[in-house]
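Following: one structure in structure tokens, then a few remarks.
The values are calculated or read from the model by the stated rules, or taken from the named source; none is laboratory data. Not measured: the values here are computed from a predicted model. Note that each Cβ is placed from the backbone with ideal geometry, even for glycine, and that neighbours are counted across all protein chains shown.
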Amino acid sequence: MARHKADNGTVHPVFDLPALRRLCALAGCLLAAGAQASPWLDGGRPGPLAQQAVTLLASAPELGLVAEDYRATMLGQEVAAAAHGPALDATAAGRLEAALDAALRRLLMDLNQGRIDPRTLYPTMALPARTPFDARAALDAGIAAGSLGAAVRLAEPALPQYAELRQALQGYRAHEHDPAWAAPLPPLPLSGKTRKLEAGAAWSGLAALNQRLMALGDLPAASPVPPVYTEPLLGGVRRFQERHGVTPDGVIGAATFARLEIKPAARAAQLALALERLRWTPLLESRRMIVVNIPEFVLRAYEVQDGRIVISRRMRVVVGQALDKRTPLIDAELRAIEFSPYWNVPPSIVRSETLPKLRRDPGYLAREGFEFVAGDGSVHGSVSAQALDELAAGRWRIRQKPGPRNALGDIKFVFPNAEQIYLHHTPSTGLFARDRRDFSHGCVRLEDPLALALFVLQDTPDWPEARIREAMAAGESKTLRLAEPVRVLIAYGTALVKDGRVFFFDDVYRQDPRLEAALRQRAAAVSRPD
């Protein structure tokens, strides 16, 4: 069994998939060679595995699935009737056995591959071919072991993050009917023209707040309720804020208050969507990988070593504006690095921003380091009526020269894609201090591009840090083609477990409702009679 080291150094087990697949194959051979008796019914009566089966199907929500996708209620009723009523005849027994078997195989396949193909929602996610999964073999292995839980473990992604999210899901489901959320919190105290709760203030909602934070784990159990808003309640709020993407200052304003009112059932649904997205993503299929999580505004670069994920770099990023310049979800290969890059202004930005500015202020061209490039490749450094007309017609383009004002900063990471999205540095470094960081035109701005370059080039000895720094500062554009591409995944997850704590992020692009609708549509399709 391999092990995975998390961001905080914690080591988690990771299943040895080749060994598990050998177990599946062996179990299939043993079953084929053994007796022909059904594993589900004996003499028309359900056996222990049939009881396990209906229990597993009914507990699908604990796995982040929907029980009725697998006809859990109907099968549970039929198994109960066979157990307590007349024994089933051969025809009825065979029909029930086939239904149980099919439902379990579908559940295992959904756990491994996901319930929907992400490309139906995100055409830009051209995911690579995955290691095939044999639901029949996994189910047979569970039957041979006398435990359908073993089949589930074979099916689920062998990622510590997945196991941690599933555990978090069970915790939030346990609080769905917690009395801490039985009534809304009372209004915050009025402070000037706004409502907020600051340290030392009195508030009638302190006891309810204390109860919620204890239920969520942000306060220890049996924490006393202070007479005014002070420690330890203040510290619990800071921990809550940190986990929910709010500046952890302890002040409860509109943003914190709104998050405190979100009920556990809604958070459980969010965690289930995070599990679904992880099922799509074969994070162990590439030796090295760069992953951007849009709602978190964070990039992680990692390596897979002996079947375990080792995080090498982590940094803040700025992504596309939520309103109309969203960063798309992409799965591609990083193939080149450009040092001191030119910025070729996209036609959409030329039309909406650059051209109007040049018409109003011709000095904008030289001041910002722009130049025109004609259709024949000639470069023009002054504004003229002809240049503006050619630019407006799309026959000329405009680019920004390398330098301190260049929008791409001093380095650009290129992974070919139809949307012309890339990772790059930026001179606007102040935005990385913001909690919410959707400010770009679609490309991803990096807080620490040097660190990412060191990760990408770590196996290229003739590109040490000193040479990378020199190329970034040269002011002369240079492209370095990578001998071995590095996979880049721009992903979307609104829930994550970090250092054993559950974090939730705002659904900045409103993708959770979109995924929920697709899953409902799929559920309706599978529930139709054959």
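Filter region 227-268 down to residues that are polar (S, T, N, Q) and touching a helix residue (DSSP H, G or I) at 6+ places or on another chain (Cβ under 9 Å) and give me whichever is nearest to ARG195 (Cα to Cα).
Only one residue fits best here, namely THR256.
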Does region 423-436 contain any residue that is touching a Pro at 6+ places or on another chain (Cβ under 8 Å), of a type in the set (Lys, Arg) and at pLDDT 90 or above?
-> no
If only one of ARG314, ARG287, ARG238, ARG300 is more than 28 Å from GLU516 (Cβ to Cβ) and in contact with a Lys or Arg (Cβ under 7 Å, 6 or more places away or on another chain), which one is it?
-> ARG314
What helices (runs of 4 or more DSSP H) lie completely within region 130-243 and have 1 or more residues being under 23 Å from THR494 (Cα atoms) and assigned by TED's automatic domain parsing to the domain that holds ALA99?
-> 160-174
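Every residue, every condition in (1) at pLDDT below 95; (2) not polar (S, T, N, Q), yes or no:
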{"site": "GLU465", "(1), (2)": "no, yes"}
{"site": "ALA483", "(1), (2)": "yes, yes"}
{"site": "ALA523", "(1), (2)": "yes, yes"}
{"site": "SER527", "(1), (2)": "yes, no"}
GLN321 versus (1) touching a residue at least 40 places away in the same chain (Cβ under 8 Å); (2) under 24 Å from GLY205 (Cβ atoms): which is the lone unmet condition?
-> (2)
Matching helices (runs of 4 or more DSSP H) fully within region 324-420 where at least 3 residues are free of Cβ contacts under 8 Å to residues at least 12 places away in the same chain, outside the structural domain of ALA483 (by TED's automatic domain parsing) and not small (Gly, Ala, Ser) = 355-360
What number goes with the only condition from (1) in contact with a Ser or Thr (Cβ under 9 Å, 6 or more places away or on another chain); (2) among the hydroxyl-bearing types (Ser, Thr, Tyr); (3) closer than 22 Å to VAL486 by Cα that TYR342 does not pass?
-> (3)
Output the residues belonging to region 426-457 that are more than 20 Å from ALA491 (Cα to Cα) and in contact (Cβ under 8 Å) with a residue 12 or more places away in the chain.
-> THR426, PRO427, SER428, THR429, LEU431, LEU450, ALA451, ALA453, LEU454, LEU457
For LEU299, which of the numbered conditions (1) buried (at least 18 other Cβ atoms within 10 Å of the Cβ); (2) in a helix (DSSP H, G or I) fails to hold?
-> (2)
Within region 261-309, the residues that are within 30 Å of ALA182 (Cα to Cα) and either touching a His at 6+ places or on another chain (Cβ under 9 Å) or among the basic types (Lys, Arg) (or both) are ILE262, LYS263, PRO264, ALA265, ARG267, ALA268
Return the residue satisfying two criteria in turn: it lies in region 94-141 and is small (Gly, Ala, Ser) and over 30 Å from ALA83 (Cβ atoms), and of such residues it is modelled with the highest pLDDT.
-> GLY114
Any chance SER352 is exposed (fewer than 12 other Cβ atoms within 10 Å of the Cβ) and either among the polar types (S, T, N, Q) or under 19 Å from GLY409 (Cβ atoms) (or both) | no
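When residues of region 314-335 are filtered for being under 19 Å from PHE432 (Cβ atoms) and surrounded by fewer than 21 Cβ atoms within 10 Å (Cβ to Cβ), how many remain?
6
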Subset of region 464-515 (residues that are among the β-branched types (Val, Ile, Thr), under 12 Å from the mean Cα position of the chain (by Cα) and more than 16 Å from ALA268 (Cα to Cα)) = ILE490
Among the candidates THR91, THR124, which residue alone is among the β-branched types (Val, Ile, Thr) and not in a loop (DSSP other than H, G, I, E, B)?
-> THR91
Which ones in region 94-121 are charged (D, E, K, R), in a loop (DSSP other than H, G, I, E, B) and buried (at least 18 other Cβ atoms within 10 Å of the Cβ)?
-> ARG115
Before we move on, is ALA258 of a type outside the set (Val, Ile, Thr), closer than 25 Å to GLY200 by Cα, free of Cβ contacts under 8 Å to residues at least 12 places away in the same chain and surrounded by fewer than 18 Cβ atoms within 10 Å (Cβ to Cβ)?
-> yes
Residue check, MET472 against (1) in contact with a Gly (Cβ under 9 Å, 6 or more places away or on another chain); (2) of a type outside the set (S, T, N, Q); (3) not in a helix (DSSP H, G or I), all met but one. Which one?
-> (3)
In region 180-219, the residues that are closer than 13 Å to LEU233 by Cα, buried (at least 16 other Cβ atoms within 10 Å of the Cβ), more than 33 Å from the chain's Cα centre (by Cα) and free of Cβ contacts under 8 Å to residues at least 24 places away in the same chain = GLY205
Any chance LEU127 is aliphatic (A, V, I, L, M) and surrounded by 20 or more Cβ atoms within 10 Å (Cβ to Cβ) = no
Which one is farthest from PRO341 (Cα to Cα), of the residues in region 385-413 that are among the hydrophobic types (A, V, I, L, M, F, W, C) and crowded, with 21+ Cβ neighbours inside 10 Å?
-> LEU391
With the condition kept exactly as written, say whether any residue in region 272-290 is closer than 21 Å to PHE455 by Cα and modelled with pLDDT of 95 or more.
-> yes
What number of residues within region 261-285 satisfy the criterion of being within 13 Å of PRO118 (Cα to Cα) and part of a loop (DSSP other than H, G, I, E, B)?
-> 2
